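Engineer: Structure incoming, see below.
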Amino acid sequence: MNNLIPQLPHRDTNSHKGTFGTTLIIGGCKGMSGAMVLCGTAALKSGAGLVQVGTPTSIRFEVAIGNPCYTTIALPEDEEGRFNHQSIQTIFPLISKASAVVLGPGAGATKACQEMASHLLNLQIPVLLDADALNSLASESFPTAFKNKQVVITPHPGEFSRLTRLTAKEIQSDRKTLAMSFAQAHGIIVVLKGHGTVVSDGKSVYTNATGNPGMATGGSGDVLSGIIGALLGQGMQAFDAAKLGVYLHGLAGDGAKKQLGEHSLTALDILEHIPSAFLFHEKALL
């Protein structure tokens, strides 16, 4: 059992924005622009030097006005406002220059999303697959042979059920073993979300102790993806980035709970408490 919380990435005095990596986030569709705003803002608040957001053309403006500190890229879309297969060609120059990529928040479980995920699995760049990136891959089965050795997936029990073909009840009965087995079988990092989020690299298991029921709210997972994506972009190894990310995410949620209680807590409140979570962890390590 590995319950040690990794240290924050070092920030040298003679640094610039390029030092702390470029986190590229791909997703969103009509009606789901908020997922990209939450994920992009979380990445910014988690230390990413640059955050780029690739999203369908029709919602690019909505995403752009959500935060002036990230840049946006318009992606070709289908008739339902989801990025299409041409988006891989459009976004590829940015993927090749990014430090880490997050795919899936609000994207829609489409064939194009599956193609994008498969493409990223065969690169060497750190990648986080969440939400519809996982749902699109689950339509067949999660690949067992790919080149990328720095892959993190962040399913909730429903998404993990679709990936494993197990029922939610079966998953909840043995979360640690199932997360470890899936991670080992595929050579990835599994972040199985929920009460006591489980993180495994197939060898070790970390069970998170921060967080509270108020965080069971729409958009909370998008915030987590942004945090982990930023840590990956700053050069952390995937397992460490995932462990630290879920810990800080829960810590931010606990900070929001102290101020607001559980019933009224939203993903925006978690966002607002990310800086204090980082500061608390930094002081705890001194």
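Please treat every number below as a calculation from the coordinates, not as lab data. Nothing here was measured: the structure is a model prediction, and the numbers come from that model. Methodologically, a virtual Cβ is constructed for each residue, glycine included, from the backbone with ideal geometry; neighbour enumeration extends over all protein chains shown.
Engineer: Under the Kirkwood approximation applied to all pairs of distinct alpha-carbon atoms, what is the hydrodynamic radius of the range 63-218 in Å?
Structural biologist: On the way: mean 1/r = 0.0605 Å⁻¹.
The answer is 16.5 Å.
Engineer: Could I ask something else about it? Among all the aspartates and glutamates, which ones have a C-alpha under 14 Å from K258's C-alpha, if same-chain residues fewer than 8 places away are not counted?
Structural biologist: Partners within reach: D269, E272.
Engineer: While we're looking at this one, here's another question. What does the highest-first list of 244-252, 38-46, 197-205 look like by mean Cβ count within 10 Å? Intermediate values should be presented prior to the final figure.
Structural biologist: Values: 244-252: 26.4, 38-46: 29.0, 197-205: 21.2.
The peptides rank, most packed first, as 38-46, 244-252, 197-205.
Engineer: To make sure I understand the rule: partners must be lysines, Cα under 21 Å from the Cα of K30, and not fewer than 8 residues away in the same chain. Which ones qualify?
Structural biologist: The qualifying lysines are K111.
Engineer: To continue, here is another question. Can you tell me the dipole magnitude for the range 19-284 around its Cα centre, using point charges on the Cβ only (Lys, Arg +1; Asp, Glu -1), in Debye to the nearest 20?
Structural biologist: Working: 19 positive and 20 negative charges, 108 e Å.
Magnitude of the dipole: close to 520 debye.
Engineer: Using alpha carbons only, how many angstrom separate the centre of the range 211-262 from the centre of the range 1-68?
Structural biologist: Answer, in whole Å: 13.
Engineer: Pull out a ≥ b ≥ c, the square roots of the eigenvalues of the alpha-carbon gyration tensor of the chain, then state rounded if a/c is under 1.5, prolate if not and a/b is larger than b/c, and oblate in the remaining case. The partial results should precede the final answer.
Structural biologist: Working: a/c = 1.31, a/b = 1.09, b/c = 1.20.
Taking the square roots of the gyration eigenvalues as a ≥ b ≥ c, the chain is rounded.
Engineer: Which cross-chain or sequence-distant (5 or more) residues have an amide H under 5 Å from the amide H of L128, H modelled 1.01 Å from N in plane?
Structural biologist: V101, V102, L103, V152
Engineer: Do the sum for the chain: with -39,500 (n - 2.57) for every DSSP H run of n ≥ 4, divided by all residues, what is the mean residue ellipticity at 222 nm, to the nearest 500 deg cm²/dmol?
Structural biologist: Numbers: 12 runs with 125 residues, N = 286.
-13000 deg cm²/dmol, from helical runs alone.
Engineer: If we count every other residue with Cβ under 14 angstrom of R60's Cβ, Lys/Arg +1 and Asp/Glu -1, where does the sum land?
Structural biologist: Numbers: positive: K30, R82; negative: E62, E77.
Residues near R60 contribute 0 overall.
Engineer: Shape verdict for the range 1-155, please, from the Cα gyration tensor: rounded (a/c under 1.5), prolate (a/b greater than b/c) or oblate. Don't jump to the answer; show the numbers that get you there.
Structural biologist: Details: a/c = 1.72, a/b = 1.18, b/c = 1.46.
Verdict is oblate for the range 1-155.
Engineer: If Lys and Arg each add +1 and Asp and Glu each add -1, what is the summed charge of the other residues whose beta carbon sits under 12 Å from the beta carbon of G81? Spell out each step's value before the answer.
Structural biologist: Details: positive: K30, R60, R82; negative: E62, E77, D78, E79, E80.
Charge balance in the 12 Å sphere: -2.
Engineer: Projecting each Cα onto the charge dipole of the range 34-119 (Lys/Arg +1, Asp/Glu -1 at the beta carbon, about the Cα centre), which of P68, L50, S87 comes out farthest on the positive side?
Structural biologist: Result: L50.
Engineer: Same structure, new question: Is the shape of the range 192-235 best called rounded, prolate or oblate, per the rule: a/c under 1.5 gives rounded, else a/b larger than b/c gives prolate, else oblate, with a ≥ b ≥ c the square roots of the Cα gyration tensor eigenvalues?
Structural biologist: Values: a/c = 2.43, a/b = 1.11, b/c = 2.18.
Cα axes put the range 192-235 in the oblate bin.
Engineer: How much net charge surrounds V152 when only other residues with a Cβ under 13 Å from its Cβ are counted (Lys, Arg +1; Asp, Glu -1)?
Structural biologist: On the way: positive: K149, K193, K243; negative: D130, D201, D240.
In short, 0.
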